[in-house]
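First up is the structure itself, then whatever we jot down about it.
The values are calculated or read from the model by the stated rules, or taken from the named source; none is laboratory data. A quick note: this is a predicted structure, and the numbers were derived from the prediction, not measured. Reconstructed Cβ throughout: ideal geometry from the backbone, glycine too, with neighbour counts over all protein chains shown.
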Amino acid sequence: VSRFEGVKMAPPDPILGVSEAFKADTDDLKLNLGVGAYRTEDLRPYVLNVVKKAENMMLEKGENKEYLPIEGLAAFIKATVELLLGADNDVTKQGRVATVQGLSGTGSLRLGAAFIQRYFPGTQVLISSPTWGNHKNIFNDAGVPWSEYRYYDSKTVGLDFEGMLADIKAAPSGSFVLLHGCAHNPTGIDPTPDQWEKIADVIQEKNHTTFFDVAYQGFASGSLDEDASSVRLFVARGMEVFVAQSYSKNLGLYAERIGAINVVCSSSEVANRVKSQLKRLARPMYSNPPVHGAQIVANVVGNPVLFDEWKSEMELMSGRIKGVRQRLYANLSAKDKSGKDWSFVLRQIGMFSFTGLNKAQSENMSSKWHIYMTKDGRISLAGLSLSKCEYLADAIIDSYY
Ligand code: PLP
């Protein structure tokens, strides 16, 4: 008899479980719109040219595999803050940012959550309803209580801005507020610049602290600077913020696990102390981070030629997604004779589209049409090609009515 008889089977992950179901399907028509990973028009994974170039440079230099310091690679840390806040920004010059390399977006969020648990035990984090499925797991496992603020309005398939503000206002003063910096996952709906200002007003009024999750910088608008504007606006107002960054999507470094946790503080003195504690949290969890992805980022962001080339490749990726978004909308509008307005598909940004399909309808998409997606009605347009848009539109309309 096993010592582990009492261990129950864990449920499949709602996002990664979709890929497993997709793999098991043998139909030729099958389509995986579950996980947010970029594919080419012929639906193959894509390694960016700038990444290959950076890797060649690293080989030529003969980089070694020594341990990194706990906080990560110095050149990466410099590059990642610059990318987030802009080169020559005041807060970096003043030494007010505590940055520690993390295990991509997830690991960086987890480190921030561990910091909150240690220094603000019992303080809740407000997260959007809905949000990326892993947010709740991350805060649960870190022992940080969370509650939700309204975000999505099913009537308009848009932002419930009044509900969002009311819930942030109603939360106990000094809460943490998790905001998606751009390209909100799963809805693809972002606040306007004016709405960001109003969100900042309420957060300041309530002495809350913002925790930005920036997993899609460059993927919302195609511009790295524009996509960081929410974070920069809060920082310019003198607010202290947490920012988790990920290079999974924008540099296609999914499996390299490269990202960072940044804490913008009110003084360099505070930032130094915060950084020392982030390192102290990291040491017993994973000791120090992996080097390969950090070197790639440092080489791409730190080299003006590669940096420009990266920007063009990102425009190409985000452009392809905009193209399938247009095509999907055109097909939905042409095929749906009910007069339903599908234009929300065009208004959403980033890798995803929130279709408004419910759980049963999403299940029909997989069981009948071999189209795999998360049960919340989200589809990843990054995994869609122009040639599959018509089939997808047929499936959505069939499942919807
Ligand atoms: N945050 C959001 C909103 C995401 O959608 C993702 C990835 O899907 C992540 C964070 C983190 O991803 P990773 O850990 O691969 O960087």
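Observations, loosely collected:
- Some residue of the stretch 26-34 being farther than 25 Å from VAL300 by Cα, assigned to a loop (DSSP other than H, G, I, E, B) and free of Cβ contacts under 8 Å to residues at least 40 places away in the same chain: yes
- From the options GLU63, GLU55, GLU41, GLU20, residue that is more than 16 Å from the ligand (Cβ to nearest atom), within 23 Å of the chain's Cα centre (by Cα) and surrounded by 13 or more Cβ atoms within 10 Å (Cβ to Cβ): GLU41
- Any hit, the stretch 212-224, residues being away from the ligand (no atom under 11 Å from the Cβ), buried (at least 17 other Cβ atoms within 10 Å of the Cβ) and of a type in the set (Phe, Trp, Tyr): no
- All helices (runs of 4 or more DSSP H) inside the stretch 306-401 with 1 or more residues being among the acidic types (Asp, Glu) and either farther than 30 Å from ASN49 by Cα or modelled with pLDDT under 95 (or both): 359-369, 389-400
- Filter pass, MET351 being in contact (Cβ under 8 Å) with a residue 24 or more places away in the chain and more than 21 Å from the chain's Cα centre (by Cα): no
- Qualifying residue in the stretch 302-313 (condition: closer than 18 Å to GLY72 by Cα, among the β-branched types (Val, Ile, Thr) and either touching a Leu at 6+ places or on another chain (Cβ under 7 Å) or away from the ligand (no atom under 16 Å from the Cβ) (or both)): no
- The stretch 1-22 residues that are under 14 Å from LYS375 (Cα atoms), paired with ones that are charged (D, E, K, R) and within 16 Å of the ligand (Cβ to nearest atom) (beta carbon under 6 Å, 6 or more apart): none
- At least 2 residues being under 19 Å from VAL243 (Cα atoms), more than 16 Å from the ligand (Cβ to nearest atom) and without any contact (Cβ under 8 Å) to a residue 40 or more places away in the chain is the threshold, and among the helices (runs of 4 or more DSSP H) wholly inside the stretch 88-207 those reaching it are 90-93, 193-205.
- Residues of the stretch 284-321 classified as more than 21 Å from the chain's Cα centre (by Cα), of a type in the set (Gly, Ala, Ser) and surrounded by 15 or more Cβ atoms within 10 Å (Cβ to Cβ), total: 1
- When VAL243, VAL235, VAL231, VAL297 are checked against the criterion of being touching a residue at least 24 places away in the same chain (Cβ under 8 Å), within 16 Å of the ligand (Cβ to nearest atom), among the hydrophobic types (A, V, I, L, M, F, W, C) and farther than 24 Å from ILE70 by Cβ, a single residue qualifies: VAL231.
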